[in-house]
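To start, the structure itself, in structure tokens.
The values are calculated or read from the model by the stated rules, or taken from the named source; none is laboratory data. Bear in mind the structure is a predicted one, so any value in this text is a computation, not a measurement. So basically every Cβ, Gly included, is an ideal-geometry build from the backbone, and we count neighbours across all protein chains shown.
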Amino acid sequence: MGFLRKASKTLKQSNYVSLLFNFNPLSSRITHERFSITRALFCTQSRQNYTKEKAIIDLSQYPPELVRNFSIIAHVDHGKSTLADRLLELTGTIKKGLGQPQYLDKLQVERERGITVKAQTATMFYKNIINGDDFKDGKESSNYLLNLIDTPGHVDFSYEVSRSLAACQGVLLVVDAAQGVQAQTVANFYLAFESNLAIIPVINKIDQPTADPDRVKGQLKSMFDLDPSDALLTSAKTGVGLEHVLPAVIERIPPPPGKSESSLRMLLLDSYFDEYRGVICHVAVVDGALRKGDKISSAATGKSYEAMDIGIMHPELTPTGILFTGQVGYVITGMRTTKEARIGDTIYHTKSTVDVEPLPGFKAAKHMVFSGLFPADGSDFEALSHAIEKLTCNDASVSVTKETSTALGLGFRCGFLGLLHMDVFHQRLEQEYGAHIISTVPTVPYIYEYSDGSKLEVQNPAALPSNPKQRVVACWEPTVIATIVMPSEYVGPVITLLSERRGEQLEYSFIDSQRVFMKYRLPLREIVIDFYNELKSITSGYASFDYEDSDYQPSDLVKLDILLNGQAVDAMATIVHNSKSYRVGRELVEKLKKVIDRQMFEIIIQAAIGSKIIARETVTAMRKNVLAKCYGGDITRKKKLLEKQKEGKKRMKRVGSVDVPQEAFHELLKVS
Amino acid sequence: MLKSTFTPIFCALAPKPKPSTRVITNTFSNSTSTVRQNSSLKNNPTITPSSAYIHLPFCRKRCHYCDFPIVALGSASTQTHDDPRVINYIQWLCREINATKIEDELDSAKTPLKTVFFGGGTPSLVPPSMVGTVLETLKMKFGVSESAEISMEMDPGTFDYKKMEEMMLLGVNRVSLGVQAFQEKLLKSCGRAHGLEEVHEAIDIVKKCGVENWSIDLIASLPHQTSEMWEESLRLAIEARPTHVSVYDLQIEQGTKFGRLYSPGEFPLPSETQSADFYTMASRMLRDANYSHYEISSYCKSGYECRHNFTYWKYKPFYAFGLGSTSFIGGLRFSRPRKVNEYMKFVENLENGSVNSSIDDNINSKDKALDVVMLSLRTARGLDLKHFQESFGSSLVLSLVEVYKPYVESGHVVFLDEQRRAVRIDDINNSLLDETDLERRVAYMRLSDPNGFLLSNELIALAFGVIDSWKDYPSALQEAT
């Protein structure tokens, strides 16, 4: 075991290990060399402590039958992150009260929104004591290695979710005891169900006064055919029932099925970029084992690397030098960017190329929502460019191409997996990089077919010719299958909303006497703008909504141009359904009239389809602004006023001779 | 007499700058100096001021629109010779004048004042004897030129023949009469201390006393003012045959009674359109009556421009004395305290040398360029582009021309040649390709009357934008060497 004595990890971690040692019967599994806890607990910089000798975890003690890989899936706010925190505390992986809540949600945006964007894993050690006895019915209590693979809960990341779930054999399906089954519960259940995973229903938050676990059990039975007696009742907040969770994981979830003797195959779950260490990949070893120094290759890119550092997330990077079949951990290979680390990729030993069959399910990221991002102040282009480059280092799923707009100058056209992904990206740009941006109205990728048989995928409405040379013979738009769960009294207004959004009902059923479940096909475009907010407002926040990508459908689409004094504003062009074009055109023009200030000349705002004007408003010319009064020699106040006026102008975007305030672009986002 | 010294309009005004030795040393030590640098606006603020503003803050009561630093004495106060507040103030004022450092102490020859302006407040409330004391103090300190323009703001109801004559004997030779409106109802509703009868009396007194150079001040866009009333005010003002008319536009200031009662553009204030129409009407009626619209809010018969005000608009230095007044000396605008107690403290500090109101080492070219543009575009003469280019370089002039070009077409801005003939936009476009050609063709830029003047804030802010993004101004000054 000499190789295991190599130093590792932070003193903070060593302290976790010591805690583990104190109240977990794990001591025999941990080799600790002169367990010198110098109580330098504040020192968390792992790089500083490489030379410190400390406890090494021997993973060879955990053959697949002692490993469980599982995930927690839940509707937003049903307590997934709190439950994860409790499990990490229960196993001594993090110390209770130390560290911040929602341990696995590391990004500010994740904490603020209560969502998970990046997949995270944490390895826990747990001794399963059967009925308080080490030996009973011939079964020995054993030490288990449990990998909690935290997945993004949102549909935008459904591909990541499916890859994360591919590394699991079971899930904890967490449902709020008061709110019951929600749209995301349904979507997540089916993802797990279709992946043939063991499902452990956990009814959480039973401490709430409005908790009604029996009703939720009934819903689980009627919706998912889950046996009510299988449900665990917990309160992650108070700790009630938590002691049953990990035993259930060990008993009900099968061990990973991989073959130890086969050659190495590992699944790449996620990756992130560390400024000091480069790209860090999260991997699940499906077959075989990975040792430090191994030469490995990617099935997707064909590139080869050396496994320079290997370990587990316990919960921070903890080097182990090896990962065995069924285990989940990290590997550092010297990859330059996360773009090389394709989620779902299969990694194998370079020398065994011929034998290896890639794991199923790998797909390239599919961008469903596009928008232009421009610096709010034209001169900040370099700063924005830098910020986007940095951010995409950590989020390779965003596609970025340069875009030039006559109205907004130099910027980027970015493709996102979905709405939330786009929102999160914007928010991270502002929060983590202080970038001030103008984003154009998000659009979905349409497909246009012309009379000469050519097809065009349109990711930017401005790029679509307003008066094409070839006749358009058909266009298609992407659709989604939406799941909506709501109290039955809101069915009327919700159906009205859905039909306004060109929805087609596919399914309508009752979850129980009070809650309705509906499935609709909707054009993606219709939910991109302000759909969720409107749904929430007409249902007082009681409806839940989720969707999955579906196929392209033929549609009657037109390009709507906005003209200011006769000049089309590229950044304001949109593609809309013909039936809505007049309404949208009128709304856009009215909105713009409200936000564009009067200027020294008249401004004509028009909406046009091709050469046909469908809406028009006029902003009359300004006749007079504050004139001079008798201010004698004191011109400082006047100067301040003019300076302020100048600053106001600077924030404007110039289209031809018209000054357009940035708010105009924000306002346009609100017109569906 | 004034008339003859004043044609053509501007040339007599600007004394050739006489750079002090100190400044020359500085310039030489920084870089190889050029003739242009020494003669440019850069050194202008260091010319010794030849104008003085005197603030006499007393009023009978505060008008509802007024946010000036004033001292209200009470409506009954028409006689103020024994009011201790006035006596005291005049003493402090004279102390301030005496304590002020003269800029060119090295220069043995004093620069006598060429303009003195008594503003307020209501200067005509102050007894002539005290005005005499102030003038005497100024004469002792700086000297006052024989032909100096000495203006005084006077309000109807605060002076009679005797007082007017006494003021004239002291040397006051220009009167700015605060009429504001010719409607009893409007005078009352804006809180003036006088009625219409006093207005007619005052005009009568000024004319009978033979004040040659006098102005009627009017305010446009008062609450409840109709276009009929405004037309009547203009007509009656013209019929009184003053040599000068000032038309101020009512501004609603925070902290005034009007500020609490009204918001701009809303009833009972006229709408933006009505207000613009009022301005246009004044411009038309006064022009038809042979007044020239020589500044955004000033009209005069030929040769009767207010020389004192031109000090401001031509970026010349000037002294200022008294409560809340602002001086401009050595490139620094310095505002005195607006409260009497603080003002007295300031004068004490000035006397014991712990405050200096005139030195500023950090005059930055950007600020200067802003001031010059902002002040000169108020005038019909406009911005002298040659002079401007000499001071700030041709790249800035080119950017200004570029920015204002669209507004020539929209009728807000006029470019003029050396002979003050309008230059056609096509000629400007052609000239832009060739710098020297542009210089040859275009000498001035001005705002049009009335449309450009009406949007002066908007238009001047454009220049602010250009100057703000003007990056190479330090090198601009060297470029021509």
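For this structure, a couple of remarks:
Results for (1) under 21 Å from the mean Cα position of the chain (by Cα); (2) crowded, with 21+ Cβ neighbours inside 10 Å, shown as yes or no for each residue.
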position: A:397; (1), (2): yes, yes
position: A:406; (1), (2): no, no
position: A:417; (1), (2): yes, yes
position: A:425; (1), (2): yes, yes
position: A:434; (1), (2): yes, no
position: A:445; (1), (2): yes, no
position: A:450; (1), (2): no, no
position: A:465; (1), (2): no, no
position: A:473; (1), (2): no, no
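- Selected residue [assigned to a strand (DSSP E or B) and not polar (S, T, N, Q)] from B:186, B:177, B:135, B:169: B:177
- Residues being in contact with a strand residue (DSSP E or B) (Cβ under 8 Å, 6 or more places away or on another chain) and at pLDDT 90 or above - total across the stretch B:418-441: 3
- Residues within the stretch A:510-540 that are surrounded by fewer than 21 Cβ atoms within 10 Å (Cβ to Cβ), of a type in the set (Asp, Glu) and on the phi < 0 side of the Ramachandran plot, tallied: 2
- Test: residue in the stretch B:163-172 that is acidic (Asp, Glu), farther than 16 Å from residue B:308 by Cβ and either without any contact (Cβ under 8 Å) to a residue 24 or more places away in the chain or not assigned by TED's automatic domain parsing to the domain that holds residue B:87 (or both): no
- Per this entry, residue B:253 is counted among residues that are within 11 Å of another protein chain (Cβ to nearest Cβ) and either buried (at least 18 other Cβ atoms within 10 Å of the Cβ) or under 28 Å from residue B:53 (Cα atoms) (or both).
- Scanning the stretch A:449-481 for residues that are assigned to a strand (DSSP E or B), touching a residue at least 60 places away in the same chain (Cβ under 8 Å) and more than 18 Å from residue A:421 (Cβ to Cβ) turns up A:458, A:474, A:475, A:476, A:477, A:479, A:481.
- Total residues in the stretch A:34-81 satisfying the condition of being of a type outside the set (Phe, Trp, Tyr) and at pLDDT 55 or above: the figure is 25.
- Of the helices (runs of 4 or more DSSP H) entirely within the stretch B:323-414, those holding at least 2 residues that are within 17 Å of residue B:312 (Cα to Cα), among the acidic types (Asp, Glu) and within 14 Å of chain A (Cβ to nearest Cβ) occupy B:365-376.
- Subset of the stretch A:261-289 (residues that are outside any loop (DSSP other than H, G, I, E, B), touching an Asp or Glu at 6+ places or on another chain (Cβ under 6 Å) and of a type outside the set (Val, Ile, Thr)): A:265, A:268, A:282
- Residue that is nearest to residue A:185 (Cα to Cα) [pool: residues in the stretch A:224-255 that are assigned to a loop (DSSP other than H, G, I, E, B) and acidic (Asp, Glu)]: A:225
- Only one of the listed residues (A:336, A:342) is in a loop (DSSP other than H, G, I, E, B) and modelled with pLDDT under 85. That residue is A:336.
- Residue within the stretch A:496-509 that is within 24 Å of residue A:218 (Cβ to Cβ), within 31 Å of the chain's Cα centre (by Cα) and surrounded by 17 or more Cβ atoms within 10 Å (Cβ to Cβ) present: no
- Check on residue A:309, of a type outside the set (A, V, I, L, M), within 28 Å of residue A:416 (Cα to Cα), over 24 Å from the mean Cα position of the chain (by Cα) and surrounded by fewer than 22 Cβ atoms within 10 Å (Cβ to Cβ): no
- Where a residue in the stretch B:293-314 is free of Cβ contacts under 8 Å to residues at least 40 places away in the same chain and of a type outside the set (Gly, Ala, Ser) and its partner, wherever it lies, is in a loop (DSSP other than H, G, I, E, B) and surrounded by 23 or more Cβ atoms within 10 Å (Cβ to Cβ), with Cβ under 8 Å and at least six apart: none
- Filter pass, residue B:304 being within 14 Å of chain A (Cβ to nearest Cβ), in contact with a helix residue (DSSP H, G or I) (Cβ under 9 Å, 6 or more places away or on another chain) and assigned to a loop (DSSP other than H, G, I, E, B): no
- In the stretch A:434-458, the residues that are in contact with a Ser or Thr (Cβ under 7 Å, 6 or more places away or on another chain) and not hydroxyl-bearing (Ser, Thr, Tyr): A:441, A:442
- Single residue of the stretch B:218-249 satisfying the filter (in contact with a Cys (Cβ under 8 Å, 6 or more places away or on another chain) and within 14 Å of another protein chain (Cβ to nearest Cβ)) that is farthest from residue B:189 (Cα to Cα): B:244
- Checking every residue in the stretch B:438-460 against the condition of being more than 25 Å from residue A:643 (Cα to Cα), more than 25 Å from the chain's Cα centre (by Cα), more than 14 Å from chain A (Cβ to nearest Cβ) and among the aliphatic types (A, V, I, L, M) gives at least one match.
- Taken across the stretch B:263-284, residues that are under 26 Å from residue B:113 (Cα atoms), surrounded by 22 or more Cβ atoms within 10 Å (Cβ to Cβ) and within 13 Å of another protein chain (Cβ to nearest Cβ) do not occur at all.
- All of (1) in contact with a strand residue (DSSP E or B) (Cβ under 9 Å, 6 or more places away or on another chain); (2) surrounded by fewer than 22 Cβ atoms within 10 Å (Cβ to Cβ); (3) modelled with pLDDT of 90 or more hold for residue A:178 with one exception: (1).
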